[in-house]
Amino acid sequence: MASTVLVRWGGPAAMLGGVLSIVFAFVGENSWAHVPLDAARYAFLVVGIVGIYLFLRRSERFGLLGRVGFYVCVFVFALIALLDLGIIVNEGVEQTYIALGPVRGPLLLLGLLLFGAAAVRAGRLPRGGAWVLIAAALTNVLGILAMIISGGTLGGWVFLVPTVLFGVGWAWLGYGLWSEGGASAEQPSRVR
């Protein structure tokens with residue numbers, strides 16, 4: 001019963017988290033909305049990825065790759081949402097957020113690659129959305145390399161494309177889940 005509800009709400013949550021991610025890409029770091037928007041998008045994505053995972057896990061092709069990608073992503077999404085909420089309450093938490101950057105960043109990229117690849121293999125949701133998540137992870141790596149090569153002088157605009165792709169990928173997968181009927185997909189089929 002609970003998994004049916006999570007599948008049903010997973011689609012709209014992933015779509016909203018995706019749209020908020022696209023908006024987030026254009027909000028500057030100095031804006032008052034930066035941290036609350038980041039917290040909201042990742043909180044919605046926690047619900048979204050849980051619903052998508054519960055829908056996809058029934059596919060044999062989703063497998064261990066998808067399970068590992070899911071656990072890594074949901075951990076990082078929840079961690080970022082909680083840290084952002086902590087920053088809203090106490091700005092001192094920002095030091096922890098920054099200190100965890102070298103861990104949460106690569107974990108997020110790994111989770112996106114694994115989850116995206118498993119979603120492509122499962123084929124139960126739009127493969128385009130899964131490919132966009134993979135593209136988001138890869139363009140983020142390119143952005144990191146560009147920042148390293150430039151000595152950090154390029155600025156945050158380098159991550160505009162990966163953030164938009166991240167949002168588009170989750171919105172697309174969420175729409176796919178929502179259009180599947182969510183809860184009806186979780187119901188066992190009748191034996192005739």
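Looking only at the stretch 82-101, decide whether some residue is closer than 24 Å to GLY143 by Cα, crowded, with 20+ Cβ neighbours inside 10 Å and either of a type outside the set (A, V, I, L, M) or touching a Gly at 6+ places or on another chain (Cβ under 8 Å) (or both). Yes, because at least one residue in the stretch 82-101 is closer than 24 Å to GLY143 by Cα, crowded, with 20+ Cβ neighbours inside 10 Å and either of a type outside the set (A, V, I, L, M) or touching a Gly at 6+ places or on another chain (Cβ under 8 Å) (or both). Taking the stretch 121-143 as the range and being open to solvent by less than 30 Å² (accessible area, probe 1.4 Å), in a helix (DSSP H, G or I) and over 15 Å from LEU165 (Cβ atoms) as the test, only ALA122 passes. Please verify whether VAL35 is part of a helix (DSSP H, G or I), among the aliphatic types (A, V, I, L, M), in contact with an Asp or Glu (Cβ under 6 Å, 6 or more places away or on another chain) and open to solvent by 10 Å² or more (accessible area, probe 1.4 Å), treating the condition exactly as stated. Yes.
In the stretch 144-166, which residue that is small (Gly, Ala, Ser) and either crowded, with 19+ Cβ neighbours inside 10 Å or part of a helix (DSSP H, G or I) (or both) is farthest from the chain's Cα centre (by Cα)? Filtering the stretch 144-166 for residues that are small (Gly, Ala, Ser) and either crowded, with 19+ Cβ neighbours inside 10 Å or part of a helix (DSSP H, G or I) (or both), the one farthest from the chain's Cα centre (by Cα) comes out as SER150. Please go through the stretch 72-104 and give me each residue that is of a type outside the set (Asp, Glu) and free of Cβ contacts under 8 Å to residues at least 12 places away in the same chain, ordered by number. Listed by number, the residues that qualify are LEU82, GLY86, VAL89, ASN90, GLY92, VAL93, GLN95, ILE98, ALA99, GLY101, PRO102, VAL103.
The values are calculated or read from the model by the stated rules, or taken from the named source; none is laboratory data. In this text the structure is predicted, and so the values were computed from the model without any measurement. Here the Cβ is made from the backbone with ideal geometry for all residues, glycine too, and neighbour counts use every protein chain on show. Surface accessibility is based on the protein's heavy atoms, side chains included, excluding ligands, DNA and RNA. Shrake-Rupley method; radii C 1.70, N 1.55, O 1.52, S 1.80 Å.
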